[in-house]
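Engineer: Dumping the structure here so I can ask a few things about it.
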Amino acid sequence: MTVHLHQRGLFTWGEWAETLSRELHKPGRAEDGSDYFDCWVVALSDIVVSHGVADGEAILALQHGWQRAAEATPHGKPIELGNDPLR
């Protein structure tokens, strides 16, 4: 998704590198890098919100919806947003 949005001209690669780097160097990050994906998601969310492509509250609501869907999905079944009991 990040590469696609860059290719579509939403942001420069330099802007992406700066945003991701800033997130990776925040205090409290995992020393072993195990939170790299979390940093990537936060950085991408920051960029799409700052460019007016998405709303931060909408992104957070979707994140919570997917978490509820995952918790409500029986083991071995595909996780679908429709499984969110609050939808």
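Engineer: Restricting the range 21-41 to residues that are in contact with a helix residue (DSSP H, G or I) (Cβ under 8 Å, 6 or more places away or on another chain) and part of a helix (DSSP H, G or I), which is nearest to R8 (Cα to Cα)?
Structural biologist: W40
Engineer: I'd like to verify a number: residues in the range 64-78 that are surrounded by fewer than 10 Cβ atoms within 10 Å (Cβ to Cβ) and either of a type in the set (A, V, I, L, M, F, W, C) or on the phi < 0 side of the Ramachandran plot (or both), how many?
Structural biologist: 4
Engineer: Now for a separate question. Do we have any residue at all in the range 42-62 that's among the hydroxyl-bearing types (S, T, Y) and part of a helix (DSSP H, G or I)?
Structural biologist: yes
Engineer: For the range 17-63, which residues satisfy the criterion of being surrounded by 12 or more Cβ atoms within 10 Å (Cβ to Cβ) and basic (K, R)?
Structural biologist: If the condition is that a residue be surrounded by 12 or more Cβ atoms within 10 Å (Cβ to Cβ) and basic (K, R), then R22, R29 are the ones that fit.
Engineer: Restricting attention to the range 62-87, report how many residues are of a type in the set (A, V, I, L, M) and touching a Phe, Trp or Tyr at 6+ places or on another chain (Cβ under 9 Å).
Structural biologist: Of all residues in the range 62-87, those of a type in the set (A, V, I, L, M) come to 62, 69-70, 72, 79, 81, 86.
Subsequent filtering for residues that are touching a Phe, Trp or Tyr at 6+ places or on another chain (Cβ under 9 Å) retains 79, 81.
Of the residues in that region, 2 qualify.
Every number in this text was worked out from the coordinates using simple rules, so none of it is lab data. Since this is a predicted model, take the numbers as computed values, not measurements. Neighbour counts are summed over all protein chains in view; Cβ atoms, including those assigned to glycine, are modelled from backbone coordinates with ideal geometry.
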